[in-house]
Amino acid sequence: MYELMAWLEASALAEFLRGLGIWTYGIVNLAHILGIGLLFGTVAVLDLRLLGLWRSIPVATIARPTVPLAATGFVLAIVSGIMMLSFNTTEYHGNPFLYIKLPLVGLGLINVAVITRLPAWRRAMAGATGESTDRIVLPIAGAMSLAIWLAVITCGRMIGYW
């Protein structure tokens, strides 16, 4: 892992970013925070709906704007996160929160892929009448999603304090 970290720190991207000036890291950090906010804010609204809040609003009505916004936030957070990490990557070698956060991000993506393939999700998105198991499956999916993304955010915050 250290070799990959050293490669990123010595990459053309890292050299370019470090050459842009003193404000670069702060601007990239701001972009990362905005990406996280957009991702988690929209995910939280959708997941809370899956957990049973706002039952009068169909899941599809909430998902239509939140899913693309969450994807946009995710891309912004990933790109800016890689950029931030490239500044001093090797300093994070051995930081347990980084090694927990990265797999959790992958788990979050796997969770999205699984949820969107669930028959309960497909019925909810189609506005079809749900089966009795949907009242169990969708809240579990929402709870898992919230837990994963909260853990990602927590680990991200803790990286700087290790």
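Nothing in this text is a laboratory measurement; each read-out follows from the coordinates by a stated rule. The structure presented is a predicted model; accordingly, all values stated were derived computationally and were not measured. Cβ sites come from the backbone with ideal geometry, for glycine too, and all protein chains shown count toward neighbours.
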Original post:
Quick one: would you say VAL105 is touching a residue at least 12 places away in the same chain (Cβ under 8 Å), within 22 Å of GLY41 (Cβ to Cβ) and either over 11 Å from the mean Cα position of the chain (by Cα) or surrounded by 13 or more Cβ atoms within 10 Å (Cβ to Cβ) (or both)?
Top reply: yes
Subject >> Selected residue [more than 21 Å from GLY156 (Cα to Cα) and in contact with a Lys or Arg (Cβ under 7 Å, 6 or more places away or on another chain)] from ILE22, ILE62 >> reply: ILE62
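Which residue out of ALA128, ALA113 is part of a loop (DSSP other than H, G, I, E, B) and free of Cβ contacts under 8 Å to residues at least 60 places away in the same chain?
The conditions single out ALA128.
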Original post:
Is it the case that LEU34 is surrounded by 14 or more Cβ atoms within 10 Å (Cβ to Cβ), free of Cβ contacts under 8 Å to residues at least 60 places away in the same chain and under 30 Å from ALA128 (Cβ atoms)?
Top reply: no
Original post:
Where residues in the range 108-137 are of a type in the set (Val, Ile, Thr) and farther than 25 Å from HIS32 by Cα, which of them is surrounded by the fewest Cβ atoms within 10 Å (Cβ to Cβ)?
Top reply: THR129
